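Here's the structure, in structure tokens; my notes come after.
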Amino acid sequence: MIEISFSTSFRKAFKRKVRGNPTLEERFWERIAIFKNNPFDPRLRTHKLTGSMRDWWSFSIDYDLRVLFVFVEPGRALFGNIGTHDEVY
């Protein structure tokens, strides 16, 4: 099981994009449960980023909402940002 921590910037973006939208918030927590069990579950469409963000990974909450994260050590991930494709890349 993966342990997750949230950066300050992630928490701020989460408040703007997700909190207050019950449907999206429920979807987010469903995806987090999947991520904790297997961060590479095909439903998440997890992929490694390239270029200046080559240390980061991304997975999808819904069609356009993405979470950017980095593995800080085995079994532990830090969520760095959440937003649409254009916002986070």
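A short reminder: the numbers here are calculations on the coordinates, not readings from a lab. All figures in this text were calculated on a predicted structure; none of them were measured in a lab. All Cβ positions, glycine included, derive from the backbone under ideal geometry; neighbour counts span all protein chains shown.
Amide H to amide H, which residues 5 or more places from ILE61 or on other chains are under 5 Å from it, using H placed in the peptide plane?
Those qualifying (amide H under 5 Å, at least 5 residues apart or on another chain) are ARG66, VAL67.
Region 25-54: which chymotrypsin sites (Phe, Trp or Tyr not before Pro) are DSSP loop and have at most 12 other beta-carbon atoms within 10 angstrom?
Those that pass, being in a loop and sparsely packed, are PHE40.
Return the sequence-ordered ³J(HN,Hα) values of region 22-39 in whole Hz as given by the Karplus equation 6.51 cos²θ - 1.76 cosθ + 1.60 applied to θ = phi - 60°, using x for Gly and Pro.
Going residue by residue, I get x, 5, 5, 5, 4, 4, 4, 5, 5, 5, 5, 4, 5, 4, 4, 6, 7, x Hz, with x marking Gly and Pro.
If you build the Cα gyration tensor of the chain and take the root of 5 times each eigenvalue, what three semi-axes come out, in whole angstrom, biggest first? Present the calculation step by step, with values, prior to reporting the outcome.
Details: eigenvalues 65, 47, 33 Å².
Working from the Cα gyration tensor, I get semi-axes of 18, 15, 13 Å.
Hey, got the dipole for region 23-89? About the Cα centre, +1 on K and R Cβ, -1 on D and E Cβ, debye to the nearest 20?
Details: 9 positive and 10 negative charges, 59 e Å.
I would put it at about 280 debye.
At 222 nm, what helix-only mean residue ellipticity would the chain give, in deg cm²/dmol to the nearest 500, using -39500 (n - 2.57) for each DSSP H run of four or more?
Working: 3 runs with 30 residues, N = 89.
Computed ellipticity for the chain at 222 nm equals -10000 deg cm²/dmol.
Given the chain, what percent of its DSSP beta bridges are antiparallel, to the nearest 5? List each step's numbers first, then the result.
Values: 14 of 18 bridges.
Antiparallel bridges: around 80 percent, rounded to the nearest 5.
Can you list the HN-Hα couplings for region 5-14, worked out from phi with the Karplus curve (6.51, -1.76, 1.60; θ = phi - 60°), rounded to whole Hz and with x for Gly and Pro?
Once rounded to whole Hz, the list reads 10, 10, 6, 4, 5, 5, 4, 5, 5, 4.
First select every other residue whose beta carbon is under 15 angstrom from the beta carbon of VAL70; then total the charges, Lys and Arg +1, Asp and Glu -1.
Details: positive: LYS48, ARG54, ARG66, ARG76; negative: GLU3, ASP55, GLU73.
It works out to a net charge of +1.
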